[in-house]
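Undergrad: Before I ask anything, let me first share the structure, which is written out below as structure tokens.
The values are calculated or read from the model by the stated rules, or taken from the named source; none is laboratory data. Predicted model only: the values in this text are computed from it and were never measured. Here the Cβ positions follow ideal geometry from the backbone for every residue, glycine too, while neighbour counts run over all protein chains shown. Keep in mind that these areas ignore ligands, DNA and RNA; they rest on the heavy atoms of the full protein, side chains included. Shrake-Rupley method; radii C 1.70, N 1.55, O 1.52, S 1.80 Å.
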Amino acid sequence: MFKLKKLALVSLLALAGCTSLEPEYQRPEMPVPQYFSVTRNALVESDSITTPGWQTFFVSPSLKQVISLSLVHNSDLKTASLKVAQAAAQYNLTDSERYPQLTGSTDANYSGGFRNPSTTERKYSIGMGLSLELDFFGRLKNMSEAEQQRFFASEQAQRAAHILVVSGVAQSYLNRSRAEQQLTIARQTLQNYQRSYQFMEQRARMGNSTLLALEQARGQTETARTDIAKREGELAQANHALQLIVGQYTLPKDATLSTEKVTEIVKLPANLSSDILLQRPDIIEAEHLLMADNADIGAARAAFFPSVSLTGNLSGSSTNITNLFDAANGLWNFMPKIELPIFNGGKNRANLSLAEIRQQMSVVNYEQKIQTAFKEVADALSLRATIAAQIEAQRRYLNSLRITQHRANVLYGNGAVSFIEILDTERTLFSAQQTLVDLEFDQQLNEITLFAALGGGWIE
């Protein structure tokens, strides 16, 4: 008879948790076109690509050093790491409810009268309690599954933060380099303007030029000084922004500003499938959150059904501590308990409605994440072709301006043109040089944006 009861109890425990009321999960369809239009940007023949890690994508040793420093000191990454640990602890806490809870206790009781203190009574007791909820309808299992999915989501959020920091450091580094190049051009231009002013001053003393032309040359020199002051402020701000995202205000001495190329070109096939977006950590994170909300629906449904719990206790008591473990002084009890929800003011129905609404919101969030990611990639691809065309045109324009400047100086020396035309040519040339620098840096910034938008940068 005892063996039959034991077999029945073991079977009951084995069946616990076998049923789940969670809806069958189905990944939402991609709410974007199947392919990107990248025919003009195709660099490889394969139909699929794998984005490289940041150490492969970035080729500048100086930039790599700064990125490595940021991965240690950046506050956002520290916070993301702590959130992963928090989610893991929450999952372990919730999952522990699925397993038997064993507790032990012991106490001693001393009592006696005030008039006869020698008649003190002593009583000792010890006990153990075991409790278990039989998860027939998967409530605890679904709750644990939901927290596990949120833990997975936190890991992906950490990876997304990693990519954001890597791309942010690279962009700040480029912005700082751009500011230095612009400052260098402004200082070189000032030197040219000062030579022009000295030349005009000599001509004015000899009576070969007017005071008006001299003042025009002076004005152009002061304009260059104004631009230098502006560029110095921009360089300082760019340096502060880089220090902030790195998380350290003392950068390595060899992490100097550089005008070298810092990135590789992201190689793409002619037919780039939008499925590549599914490798982005933020989209994987959104899907894990959707799966967590899906599991919450199962837990909310299970609340409509009975809950079965088993509680057992073993205890012993004695006035003599040496006899405390004597079987004759022991007691046991076993209390199976069934709770059936009858009326709770619509609480369970409201919880289920709330879980279903949250699941629907997660679907919308997942689709929105994909649409945003698609736009980021499409924008970067479109900008890639247009920037390349602008750079080619700007370089041709700059060469033309240099030829124009040379001819204007020759004509001015022969008295064929006025000095104002020389000044206009120099101003135009200065502006064209600054524009070319901006375009070349925008091209590298766009490659970084595309690299991050495709989900690259996580692999160390």
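Undergrad: Condition first: polar (S, T, N, Q), surrounded by 11 or more Cβ atoms within 10 Å (Cβ to Cβ) and touching a helix residue (DSSP H, G or I) at 6+ places or on another chain (Cβ under 7 Å). Can you find one or more residues in the range 372-385 that meet it?
TA: Within the range 372-385, none of the residues are polar (S, T, N, Q), surrounded by 11 or more Cβ atoms within 10 Å (Cβ to Cβ) and touching a helix residue (DSSP H, G or I) at 6+ places or on another chain (Cβ under 7 Å).
Undergrad: Quick one: how many residues across the range 320-362 are over 19 Å from Gly129 (Cβ atoms), surrounded by 15 or more Cβ atoms within 10 Å (Cβ to Cβ) and either within 32 Å of the chain's Cα centre (by Cα) or modelled with pLDDT under 85 (or both)?
TA: 7
Undergrad: Pro52 - would you say it is within 30 Å of Gly330 (Cβ to Cβ) and out of contact with any Lys or Arg (no Cβ under 9 Å at 6 or more places or on another chain)?
TA: In short, no.
Undergrad: With the condition kept exactly as written, say whether any residue in the range 370-379 is more than 30 Å from Glu29 (Cα to Cα) and either part of a helix (DSSP H, G or I) or over 27 Å from the mean Cα position of the chain (by Cα) (or both).
TA: Scanning the range 370-379 turns up no residue that is more than 30 Å from Glu29 (Cα to Cα) and either part of a helix (DSSP H, G or I) or over 27 Å from the mean Cα position of the chain (by Cα) (or both).
Undergrad: Would the range 133-141 turn up any residue that is of a type outside the set (Asp, Glu) and part of a strand (DSSP E or B)?
TA: Checked the range 133-141: at least one residue is of a type outside the set (Asp, Glu) and part of a strand (DSSP E or B).
Undergrad: Are any residues in the range 399-413 open to solvent by less than 70 Å² (accessible area, probe 1.4 Å) and within 55 Å of the chain's Cα centre (by Cα), and if so, which ones?
TA: Those that are open to solvent by less than 70 Å² (accessible area, probe 1.4 Å) and within 55 Å of the chain's Cα centre (by Cα): Ser400, Leu401, Thr404, Gln405, Ala408.
Undergrad: Restricting attention to the range 140-155, does a residue exist that is within 23 Å of Asp296 (Cα to Cα), among the small types (Gly, Ala, Ser) and touching a Cys at 6+ places or on another chain (Cβ under 9 Å)?
TA: Among the residues of the range 140-155, not one is within 23 Å of Asp296 (Cα to Cα), among the small types (Gly, Ala, Ser) and touching a Cys at 6+ places or on another chain (Cβ under 9 Å), which makes the answer no.
Undergrad: Same structure again: Identify the single condition in (1) touching a residue at least 24 places away in the same chain (Cβ under 8 Å); (2) out of contact with any Phe, Trp or Tyr (no Cβ under 8 Å at 6 or more places or on another chain); (3) open to solvent by less than 30 Å² (accessible area, probe 1.4 Å) that Ala432 does not satisfy, given that it satisfies every other one.
TA: (2)
Undergrad: Consider Arg396 against the criteria (1) open to solvent by 80 Å² or more (accessible area, probe 1.4 Å); (2) touching a helix residue (DSSP H, G or I) at 6+ places or on another chain (Cβ under 7 Å): it satisfies all of them except one. Which criterion is unmet?
TA: Every listed condition holds for Arg396 apart from (2).
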